[in-house]
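Asks: Structure provided below as structure tokens; questions to follow.
Please treat every number below as a calculation from the coordinates, not as lab data. What you are looking at is a predicted structure, and each value in this text was computed from that prediction instead of being measured. When we count neighbours, we look across all protein chains shown, and the Cβ atoms used for this are built from the backbone with ideal geometry, even at glycine.
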Amino acid sequence: MKGYFCKALFAVLPFFLICFMLFIFGPSELFFSNSAQFEFVYGEFIAETALTGVLLSLVLAFITAFFPETLYRITVSVCCAVAVAGYVQIMFLNRNLDLLGLNPDGASIPVSGMLIGALVWLAIIAAFVFLAVRKKDIVRKVVAFAAVLLLGMQAAALASLFIGADQEDFKRPEGSLVLSGKDQFTVSTGENIVVLVLDFFSNQYVDRILEQYPGAFDFLHDFTCYSNDECVYYGTYPSLAHMITGREVDASLSVNEWTASIWADPQTRVFFDLVEDSGYRFNFYTPESVYVRGENDMEILDGMIDNVSRQSGDLVVDRKAIARVMTKMSLYRFVPDAMKNLFYVQNSEFSGTVTDPHYIRRHTNAEVYEGLRTEGLHLEDAGNLITFQHFSGAHEFSNDAECNPKEDSTLEETCKGCLVMVEEYLAQLKALGRYDDSTIIITSDHGGENDSQVIFYYKKPGETHDSSPVSTAPISHCELQPTIIEAMGADHSAFGRSVEEIPEGETRERTNYVRKQDDAYPSVRNFSEDKEGTQNVYYVYRYTGDYDDLYKKIEQGPDEIVPMKDSFW
């Protein structure tokens, strides 16, 4: 029995090392490096992940102690080898790792990277197995040394994370301002301007959708389809902020400086004064206000965005769900490249982890559709109302063609589900008698790096058609703000032309900005955390014509490369 306990206690060392990396240090480092992106605080997940790690390491160690000597030695050695290989993966092989949640189809890892990673992992594991089988006299020392060394290094790193953390990482400010979702499904008895933004919905997806789902867009027959819409910016940041304020990106400013400047800009103030003077309220719904304000306080939106309100304090925190997602993120960066898509985390997996029951904002297609079917749109005497809704769209493939939740969905299914959601929204507007009198815009904040033109459907009050008219006018999101002003009945001349004022066939130069990492330029820091950013420049393409002309430009290379001061991602 004494020998069994000695074996078990020694086995705890490598098993605790790997559990410490996956359940304690990994989630902690990910949290403190990205805390500005999370709605939860450190204490709302670490107890669950740490307890899981400790218990798992003890259980595995005491089970392994029952193994015959040779199998025991190999198992303990392989466990230590996996921890060493995971450390090498994190420190040296993850340099070009895709950010979680940015790509709808998961991580994009070249085969060469997978092969190199697999060889490194196999070499480390083979070395430890060789020691376990052929060098029995030294393998215990090697395992003990490697485990103690890695534990010590990561424990010291964890301590430094605590020292550098902010108070807000541990305690949520009480009564802070948030974007309230209380009126997300409100339709006014007055005038309504509805803007539905389907994230990552490229216009180049349309043919793919129609090939699998003929007639998918037929319900939009009253809308004019603008088939040549330039989104201007690739990425929800800075596109969403640009769409609302109309302000162009200034890459010489940091993210926080630029987002502060656009809301203080006199032209932005004039726009929201027009909104107020025209008797409108402007409600904006997105799960992450950081896209439009950076790390600046929500106060910079107050007085312009009308659904900014105080948090109720009655938060519901799903600690188990947070612990599960943080552990999955930790595994994503730990495992070899060939396994990363098994642990890729989409933004929707954070949905519902922290909710204020009084101010829930729905974002994923499936939860919006479910909310429409259960709660539904409802009429209120809310004056004139601009409703700007940002939905997940095709940013992550997480719903089926009927807009029900589905893991590992396809692009076509996801987009068809988006359209089902939009069709339900419009059907409820009709049921409330507010469809005919409303101005409705259905568009996207951006497409992909290359398929970067986006859908744009526009219906004015009283507009009806048997089938959707198609306009090839070279419009862009620069016309969104003046189009909204025109719909309010105000003078938009100081803001530029509306989409209807851009004629078909006009020779017009438009600009497309794509964020990139270019090693010819200095690296930059992430805007909110002490780490290197994943992009350092904008590739700028200027073109006249349509998408084919843009794609030719992209193949030729950028007209200009604009260095960033810092990186949003």
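Asks: Hey, if you drop one equal point scatterer on each alpha-carbon of the stretch 2-169 and run the Debye formula without solvent, what base-10 log of I(q)/I(0) do you get at q = 0.18 Å⁻¹?
Replies: Computed log10 I(q)/I(0) values: -1.20.
Asks: Another question, if that's okay. Separation between the Gln37 and Leu58 pseudo-spin-labels, each 7 Å from Cα along Cα→Cβ, expressed in nm?
Replies: Rounded to a tenth, the inter-label distance reads 3.4 nm.
Asks: Which loop GluC sites (Glu not before Pro) in the stretch 397-486, with loop taken from DSSP, have no more than 16 other Cβ atoms within 10 angstrom of their Cβ?
Replies: Hits after loop and neighbour filter: Glu402, Glu407, Glu449, Glu463.
Asks: Next up: Exposure proxy check: Asp169, Asp273, Asp518 ranked by fewest other beta carbons within 10 Å?
Replies: Asp273, Asp518, Asp169
Asks: Sticking with this structure for a sec: Tell me whether the stretch 401-517 comes out rounded, prolate or oblate; compute the Cα gyration tensor, take square roots of the eigenvalues as a ≥ b ≥ c, and use a/c under 1.5 as the rounded threshold.
Replies: Note, shape of the stretch 401-517 comes out oblate.
Asks: How big is Rg to Rh over the chain, alpha-carbon atoms, Rh as the Kirkwood inverse-mean-distance radius?
Replies: Dividing the radius of gyration by the Kirkwood radius yields 1.02.
Asks: Amide H of Ser471: which non-local residues (sequence gap of 5 or more, or other chain) have their own amide H closer than 5 Å, using H built in the peptide plane?
Replies: Close amide H contacts, sequence-distant or interchain: Cys225, Tyr226, Ser227.
Asks: Express as a percent, rounded to the nearest 5, the fraction of DSSP beta bridges in the chain (both residues included) that run antiparallel.
Replies: Just about 50 percent of them are antiparallel.
Asks: Ok, one more. Please turn the phi angles of the stretch 416-433 into ³J(HN,Hα) values with the Karplus equation 6.51 cos²θ - 1.76 cosθ + 1.60 (θ = phi - 60°), one per residue in order, whole Hz, x for glycine and proline.
Replies: Going residue by residue, I get 4, x, 4, 5, 4, 4, 5, 4, 5, 4, 5, 4, 6, 4, 5, 4, 8, x Hz, with x marking Gly and Pro.
Asks: For the chain, what is the mean residue ellipticity at 222 nm derived from helices alone (per DSSP H run of n ≥ 4: -39500 (n - 2.57); sum divided by total residues; nearest 500 deg cm²/dmol)?
Replies: The per-residue figure over the chain is -13000 deg cm²/dmol.
Asks: Which of Leu342, Leu220, Leu56 has the fewest other C-beta atoms within 10 Å, and how do the rest follow up to the most?
Replies: Starting with the residue having the fewest Cβ neighbours, the order is Leu342, Leu56, Leu220.
Asks: Under a straight-distance cross-link criterion of Cα-Cα below 23 Å, which lysines are reachable from Lys565, leaving out those fewer than 8 residues away in the same chain?
Replies: Partners within reach: Lys516, Lys531.
Asks: If you count, for each residue, the other Cβ atoms within 10 Å and average over each peptide, how do 233-244, 554-565 line up from highest to lowest?
Replies: Final packing ranking: 233-244, 554-565.
Asks: Here is a further query. Return the loop-located GluC sites (Glu not before Pro) in the stretch 34-83 (DSSP other than H, G, I, E, B) with at most 14 other Cβ atoms within 10 Å of their own Cβ; answer none if there are none.
Replies: none
Asks: Check Val454: other-chain or 5+ apart residues with amide H under 5 Å from its amide H, H built from backbone geometry?
Replies: So Val454 has HN proximity to Asn203, Asp229, Cys231.
Asks: Which ³J(HN,Hα) values, rounded to whole Hz and listed in residue order, are derived for the stretch 470-475 from phi using the Karplus coefficients 6.51, -1.76 and 1.60 in 6.51 cos²θ - 1.76 cosθ + 1.60 with θ = phi - 60°, glycine and proline given as x?
Replies: Values per residue, Gly and Pro as x: 10, 10, 9, 4, x, 8 Hz.
Asks: Give the order of Cys418, Cys478, Cys79 when sorted by the count of other beta carbons within 10 angstrom, beginning with the fewest.
Replies: Lowest count first: Cys478, Cys79, Cys418.
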